[in-house]
Each structure stands twice: as C-alpha cells, then as structure tokens.
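For reference, the structure discussed in these notes is given below.
The values are calculated or read from the model by the stated rules, or taken from the named source; none is laboratory data. Please read all numbers here as calculations on a predicted model, not as lab measurements. Heads up, the Cβs are rebuilt from the backbone with ideal geometry, glycines too, and the neighbour counts pull from every protein chain shown. Note: areas computed on protein heavy atoms with side chains; ligands, DNA, RNA excluded. Shrake-Rupley method; radii C 1.70, N 1.55, O 1.52, S 1.80 Å.
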Amino acid sequence: MKIINVAIDGPAGAGKSTIARAASKELGYIYIDTGALYRTVGLNAVRLGVDIHNDDAVISTLTDELCVELKFVDGEQRMFLNGEDVSTAIRTPEASMAASRVSAVPAVRKYLFDLQKNLAKSNNCIMDGRDIGTVVLPDADVKIFLTASPEARATRRYKELLEKGMDASYEEVLADMIKRDYDDSHRAIAPLKQADDAVLCDTSELTLEESVKLVIDTIKIGISK
Ligand code: DC
C-alpha cells in the first residue's frame, strides 16, 4: 500500500499543531510534530549547561550518547531524551527559546533529518514544522502552507494567555509575532518559506472547525489527484 505523506508548514501561532492533530485523527494518519524534536535537543543543551548561543557548544552535545526518540503512546506523540519522557519538560518558555536557538545550527538540522525521514517512510502521516515541504519531504503527496495574518495570530495567542491567567498586552504579543515571523523567514538556514507546490491555507477569517475542514478537504483533493 502506498504511504501518504502530508507536509504542513507555516509561521508560529497559525494553529498548525491543533489543526494537523485534528486532521490526522479524522484521516487515520499519525501526526508528527517536528518542533518537539528541536525542543528536545534544546532541552538537552540547557540541561548540560552549555552556552546555547555558541554553535560549537551546541554541536558538542550531539554525541553518540545522545538519544532522542519520538514514540507513540496511545496514538499520541511522546518525546524521550536518553530514555526519559520529556514531553512536558520541552514546553517551558526556556525550552522554546533553546529550541529556537539550536534549530538555527546546521548540524542540529542534519542530526534530526534522518529521524524525520524515517518516520515518514513507514507511516501515513501529517508532519508539521517549518521546512517539511521544502527540505524534509520535498516529495510529499500534499503540501500545505498554513498561515493567518499577524493580527489574527496575535489575537488568538493573546486570548490564550488571558485564559491561562497570564498578564499580557495585545500590542506586545503582536510585536513579538511580527519579530518572530521576520527571524524565521530571514534566518540563513532552512528559512520559513512556502514551497512552490504548496497550497496556501489562510485561516485569518476562519474558526478552528472551519480551518480543520479546509485542511482535510485540501488533503483529500491532493491525494485524489
Ligand atoms: O513549532 P515549535 O514552536 O514547537 O518549534 C520549536 C522551534 O523549532 C521553533 O523555534 C522553530 C523550530 N523548528 C524548526 O526550525 N524546524 C521545524 N521543522 C520545526 C521547528
């Protein structure tokens, strides 16, 4: 049976993981969140106490002893670092920062490349990230570039923060979003950009349910071609 690979890329805050997870469930595919891999490498560097702003120091953490594993437990992705389940630990702001930093180191991207490739080779999957359609799975059956305006993404993030009882200002969240977009799309290695053959899905004006439907419909049309 042919394996189906779907690549979903897009900027931070576009709802990629929520939408990709819901679409995967509906289609019976596995959902692979590649950001979690960068987060695990970042967490490892933080735990080892190396200077994450120094490329050589980050590279020195990619030893033979380092074991980054992505497993599925009850259908949900879990991340293991040297045998320890770090799925929760990789979600802290510190781990986010470290992930962002180590993801700009070419050796880290190379280190995680085969792992991502191998997962896609043997599973019908939706893989989300920043460079899936352009670098990791250039031959994916369907490629989606999922985005929304900075204002729409900032509004969603702002509401999430308020719901979590955190103090936030909309202007700051928006400014942060615009800066992150700029950094992600201008970095020297694997910059965020839409693959030429990706379908653009803009969810600025859509609810979550409508966004999930748009993505599922786009995948169904893509795989029927
Ligand atoms: O999607 P996320 O926020 O969990 O990703 C964490 C970091 O990893 C983020 O700074 C972008 C980076 N990343 C990447 O460079 N390439 C990917 N395929 C996925 C994530």
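General observations
- Test result for residue 209, assigned to a helix (DSSP H, G or I), open to solvent by 50 Å² or more (accessible area, probe 1.4 Å) and charged (D, E, K, R): yes
- Comparison of 187, 180 shows that the only residue that is farther than 30 Å from residue 28 by Cα, open to solvent by less than 60 Å² (accessible area, probe 1.4 Å) and not hydrophobic (A, V, I, L, M, F, W, C) is 187.
- Candidates are the residues of segment 11-24 that are of a type outside the set (S, T, N, Q) and modelled with pLDDT of 95 or more; the one that is nearest to residue 132 (Cα to Cα) is 20.
- Against the list (1) surrounded by 18 or more Cβ atoms within 10 Å (Cβ to Cβ); (2) more than 13 Å from the ligand (Cβ to nearest atom); (3) not in a strand (DSSP E or B), the condition residue 144 fails is (3).
- Flag for residue 153 being open to solvent by less than 30 Å² (accessible area, probe 1.4 Å) and over 23 Å from residue 4 (Cβ atoms): yes
- First in segment 40-65 and within 14 Å of residue 104 (Cβ to Cβ), second anywhere and acidic (Asp, Glu) and open to solvent by 40 Å² or more (accessible area, probe 1.4 Å), Cβ under 7 Å, 6 or more apart: 57/51
- Cβ-Cβ under 6 Å pairs, at least 6 apart or on other chains, segment 195-208 side modelled with pLDDT of 95 or more, far side crowded, with 17+ Cβ neighbours inside 10 Å and in a loop (DSSP other than H, G, I, E, B): 203/148; 204/148
- If the condition is being out of contact with any helix residue (DSSP H, G or I) (no Cβ under 8 Å at 6 or more places or on another chain), open to solvent by less than 60 Å² (accessible area, probe 1.4 Å) and away from the ligand (no atom under 13 Å from the Cβ), then segment 1-28 contributes only 24.
- Residues that are of a type outside the set (A, V, I, L, M) and part of a loop (DSSP other than H, G, I, E, B) were ranked within segment 8-28; the one that is farthest from the chain's Cα centre (by Cα) is 28.
- Flag for residue 159 being basic (Lys, Arg), assigned to a helix (DSSP H, G or I), at pLDDT 95 or above and under 19 Å from residue 18 (Cβ atoms): no
- In segment 172-192, the residues that are hydroxyl-bearing (Ser, Thr, Tyr) form Cβ pairs under 9 Å with partners that are open to solvent by 60 Å² or more (accessible area, probe 1.4 Å), at six or more places apart or across chains, as follows: 185/193.
- Looking across segment 163-177 at every residue that is away from the ligand (no atom under 16 Å from the Cβ) and not charged (D, E, K, R), the one that is surrounded by the most Cβ atoms within 10 Å (Cβ to Cβ) is identified as 174.
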